[in-house]
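The values are calculated or read from the model by the stated rules, or taken from the named source; none is laboratory data. It should be emphasised that the depicted structure is a prediction, and the values quoted were computed from it without experimental measurement. Quick reminder, even Gly has a Cβ in these numbers, built from the backbone with ideal geometry, and neighbours come from all protein chains shown. What goes into the accessible areas is simple: the full protein's heavy atoms, side chains included, and nothing from ligands, DNA or RNA. Shrake-Rupley method; radii C 1.70, N 1.55, O 1.52, S 1.80 Å.
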Amino acid sequence: NNFLIMKFLVIVTSLILFIINPIKAIDLKIVYIDTDKILNESNVGKEIKKQLDSINKKNVSKFKKIEKELVEEEKKISQQKNILSKEELEKKIKVLQEKAIKFNNDVKINKNDLIKKNKNATEKILISLNSILSDYASKNSIHIILQKKHIVIGREDLDITNKILDTVNQKIKNIKLQ
């Protein structure tokens, strides 16, 4: 939704610039950047992905162990169903069901926590990237920087992704996952 509003504003601003001042529009300097590449290929982006993968791997390992224990407990209950009284069997089944519900909730919570950490880290990178782009635009007299994914055709020399990637690697060293 915010993206559509931003895209609309960029288009409207460009049109106004071209309509109101067509001679000056020729002097308008527009470049583009691949933000996905910055997020995925920058050192900080790779480090965040590595940390998230590590956390996810630990979670998967932990939950596989718990799942195995629940399956074993279910087999044990199943083997005891002819031995146990009806009340005792129902009690054990109820306890197992509660454990299964807690397990599913824990998996969901951990998954959502990982998504939240990724989102927060990405936002921090984008905030820093915005500052870097502002500096770059002022130093190089650039009027508009567009995202590459919204460009149908663009000259290669207008792509500033690699220049910005180098700057990001120099300026953003570390972002803590929260």
Sort the following peptides by mean Cβ neighbour count (other Cβ atoms within 10 Å, averaged over residues), highest first: 130-138, 68-76. 130-138, 68-76
Quotient of Cα Rg and 2.2 N^0.38 Å for the chain, N being how many residues it contains: 1.69
Give the carbon-plus-sulfur fraction of the accessible surface of the range 53-178 in %, rounded to a whole number; probe 1.4 Å, heavy atoms of protein chains only. 51 percent
Efficiency by 1/(1 + (r/R0)^6): what FRET value for Leu52 and Glu88, r their Cβ-Cβ distance, R0 = 30 Å, to the nearest 0.05? 0.10
With the 8 Å Cα cutoff and a minimum separation of six or more residues, the chain has a relative contact order in percent of 45 percent
Protection-proxy order for peptides 57-67, 35-45, each taking the mean of Cβ atoms within 10 Å per residue, highest first: 35-45, 57-67
To the nearest 0.05, how large is the calculated FRET efficiency for Asn169 and Glu98 if R₀ is 41 Å and r is the Cβ-Cβ distance? 0.25
